[in-house]
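Remarks on the structure that follows.
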Amino acid sequence: MESIHGGSKAFLKVAFLRLPDMSKPAFLGKLLLHWCETCNVPVLGKRCGCGNATKKVEVTPPGDIRPAFPYDIRRINSVSEKQFNTPLIPEGKLVVLNKAPYDDRMDEIIVDGNVVASIRFEIESCEWVLLPRLAGARRLFQGKDRKELKKWVILDEEILPFILKKGASILVPGVLDADPEIQTDDEVVVLLPSGEVVSCGRARMSGRQMLDETRGNAVKPRWSEEPKPFILPEGKNEAGAGARTWDDAVRANADILDNFTGEAHAFIKNVVESMDKPVSVSYSGGKDSLAVLQLVAECLDDYEIMFADTGIEFPETLENVRKVAEYYGKPLRLTSAGEAFWDSIGIFGPPTMDTRWCCKICKLGPITRLIQDNYGKGCLSFIGQRKYESHARSISKRVWKNPWVGNQVGASPIQDWTALHVWLYIFRTKAPYNPAYGKGYDRMGCWLCPSSSLSDFFLLEEVHPELAEKLNSHLLAYAEKTGLSEEWVKYGLWRYKRFPQPLEELARKRGIALLPKHANPDTLTFEVATGYRPCKAGGLTADGSFGQPIDLDTLDASGMLRAIGKTASIEGMISANAGEDRVQIYASGNVNGRSENNEKRLKKLMRKVEFSVRRGLLCKGCGVCVGHCDHEAIEIRDGKAVITDACIHCGACIEVCPLARFI
């Protein structure tokens, strides 16, 4: 068995297992956010509808910018008041948010054409934290009495050149005064004695220590700059007042919206004319599919609406689907998975980022049946897919044959739109969007999707406590069954099989076990679901479960997975590579198999995995497999069969094993 730490060859064999680094930005399309300083509104191009040139706003890629709803602004101001004793955003401002890469959820906050701060959800404290930039810090502090505010540090002006030129930390001798309530790791704002903001960053000691100690690192600056006056831009709307509305932003972007919608209309008409299929719109209850539905309604008279209820949809989504069908007056083709998720969670365990069996059972199956029952010769479905959502979607074709529903052709009219294009278009057309967006959610989907941020599950407790309680009861029951802790549930560790480094560090720090305890292999059962992931582009997958934890040490020592293919292991998981097909077996008992496009071969692979795991854990040393190996790759050691490095992965020994044939 090769280890992931065993050199470059071993790394290459299991590289596909590594999680993407969510802390690094990815360019999925052009960064389009600009700002009109005359109108003081966001613009998605170089010229505003008023005729004036705009300035580019530098945001972190991928730059899928979106409006802040009143709930978002209340949350930002609530966190700002808690930290600094003053709100960040005044009334009458249009605020744009940009989701930036981070361990959980983080949004950049853009006001008056400047990124003024970021707000992020800290996993360990399970709280939101505001990280002001200089533009935001000046909003918070300049022109105000700092004694009425919190988290401030006064810098000796003579020290400022060292901070600006060398990027040095602020040491205790350079601190003239500080808020004594500052705690280590708090976000702080650094001012000169005159009250001008020159830096902001993270405290490396408490405010009391800054005042009492004679040496040490007081503040690690993130942003530093020469003092400058803070001018609050107002802008004017058609009535001449300073307050901005999204109607103002729609007018400022009128020409841009006309161009994007015109191109989308032409695309829809061309695709419809190019194929003889009935037309449908796949509606999910989200903003993107709503924009597509509105676009199709502006172009076509003959189309239907499809909706697949996974059984774990937000109540707001189900109500919105009903209203949307009434609003557009078109037939609604509806299918439901019913209680399939709750009937299956006891078999498969909680769905994870790596093993999303729920997509196949709750979405793939119902959609397949819906299309087969209603569109005998297939259909053309317009879908709300955008390249700014993920790398897979950024490289996806704009028209494609659905790999998981063979007789459906998908097409995306809004492939190049950002979220702000979508929202401005919805605001312009008054399309009936899902009210859950106004409650703090930035995306719609299954309310317990493992790809959701941890912050979403804390929001769920606020918005729908009955759903949060239902989920937690299942998660806690699973944790108790497998020997895991309540903290494993609290910190959302159930969402992973392969853990990102920050979560591994959190688990180490708090003593949280990540791997389940071993169970009785004599009671192994195996359930599997196969298909494409509807929520991800490409890749045929199979998700299986033995219904209990697996002793990977015993399985590893047996070498039985070598009968499938070349193997490698890392903590909590063993992988086997059979040419184009790959499989991962986790300590939890979950199994994830992948194949490019051969479902029959993938099902056969999962069958081999089931038998090989049984052999590895239950072998009685009968020796039948030894006699069937032409390569002398199987030995009996301590009363059990062991497959050695001489194995050529032919698999001939699997089916002859009595454990495979009779159990």
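On the beta carbon distance between ASP145 and ASP551, with R0 = 51 Å, the FRET formula returns roughly 0.20. Remark on ARG333: its backbone amide H falls under 5 Å from those of ILE305, MET306, PHE307, a criterion applied only to residues 5 or more positions apart or on other chains, H modelled at 1.01 Å from N. For region 95-198, what does the alpha-carbon gyration tensor say about shape, rounded, prolate or oblate, given a ≥ b ≥ c as the root eigenvalues, a/c under 1.5 as rounded, and a/b over b/c as prolate? Verdict is prolate for region 95-198. For VAL219, the residues 5 or more places off, or on other chains, whose built amide H falls under 5 Å of its own are ILE170, ARG204. Between the amide H of PHE230 and any residue lying 5 or more places away or on another chain, no distance stays under 5 Å, with hydrogens modeled in the peptide plane. Model label sites at VAL656 and SER169, defined 7 Å from Cα along the beta-carbon direction, differ in position by 6.6 nm. Quick one: helix 501-510 against the long Cα principal axis of the chain, what's the angle to the nearest 10°, folded into 0 to 90? In the chain, helix 501-510 runs at an angle near 90 degrees to the longest axis. Its residue count N sets the reference 2.2 N^0.38 Å, and the alpha-carbon radius of gyration of region 253-439 equals 1.03 times that reference. Helix 254-274 and the longest principal axis of the Cα set of the chain meet at an angle near 20°. Phi angles across region 613-628 convert, under the Karplus curve 6.51 cos²θ - 1.76 cosθ + 1.60 with θ = phi - 60°, into 3J(HN,Hα) values of 5, 4, 4, x, 9, 10, 3, 9, x, 5, x, 4, 5, 4, x, 9 Hz, Gly and Pro given as x. Each part reduced to its alpha carbon centroid, region 99-165 and region 434-473 end up 28 Å apart.
Treating the angle as unsigned and between 0 and 90°, give the value, to the nearest 10°, between the Cα long axis of helix 454-463 and the longest Cα principal axis of the chain. That works out to roughly 70 degrees.
Test of understanding: extend the Cα→C-beta vector of GLU462 to 7 Å, then name every residue of region 424-455 with backbone N under 16 Å from that spot. Within reach of a label on GLU462: 436-443, 453-455. Couplings 3J(HN,Hα) of region 215-225, computed from phi: 8, x, 8, 8, 9, 9, x, 9, 10, 9, 6 Hz, in residue order, whole Hz [Karplus 6.51 cos²θ - 1.76 cosθ + 1.60, θ = phi - 60°; x for Gly and Pro]. Between ARG215 and GLU571, take the C-beta separation as r, use R0 = 30 Å, and let me know the FRET efficiency to the nearest 0.05. The calculated FRET efficiency here is 0.15.
Classification of region 453-500 by its C-alpha gyration tensor yields an oblate form. The axis ratio a/c (a ≥ b ≥ c) is 1.5 or more, and b/c is at least a/b.
Karplus-based coupling profile of region 432-445, in residue order and whole Hz: x, 8, 5, x, 5, 4, x, 10, x, 8, 9, 8, 10, x, with θ = phi - 60° in 6.51 cos²θ - 1.76 cosθ + 1.60 and x standing for Gly or Pro. Each distinct pair of alpha carbons in region 143-229 adds a 1/r term; the inverse of their mean, the Kirkwood radius, is 12.5 Å.
Please work out the FRET efficiency for the pair ARG508 and TYR71, using the Cβ-Cβ distance as r and a Förster radius of 30 Å; give the result to the nearest 0.05. Using R0 = 30 Å, I get an efficiency of 0.30. Taking the average, over residues, of other Cβ atoms within 10 Å as the packing measure, peptides 285-291, 176-182, 611-617 rank 611-617, 285-291, 176-182 from highest down.
Shape summary of region 31-132, radius of gyration then Dmax from alpha carbon positions: 14.1, 48 Å. Put simply, region 556-603 fits an ellipsoid with semi-axes of 19, 12, 8 Å; these come from the alpha carbon gyration tensor as the roots of five times its eigenvalues, largest first.
Only the coordinates and a few stated rules stand behind these numbers; no lab work does. Bear in mind the structure is a predicted one, so any value in this text is a computation, not a measurement. With ideal geometry, Cβ positions are generated from the backbone for all residues, glycine too; neighbour counts draw on all protein chains shown.
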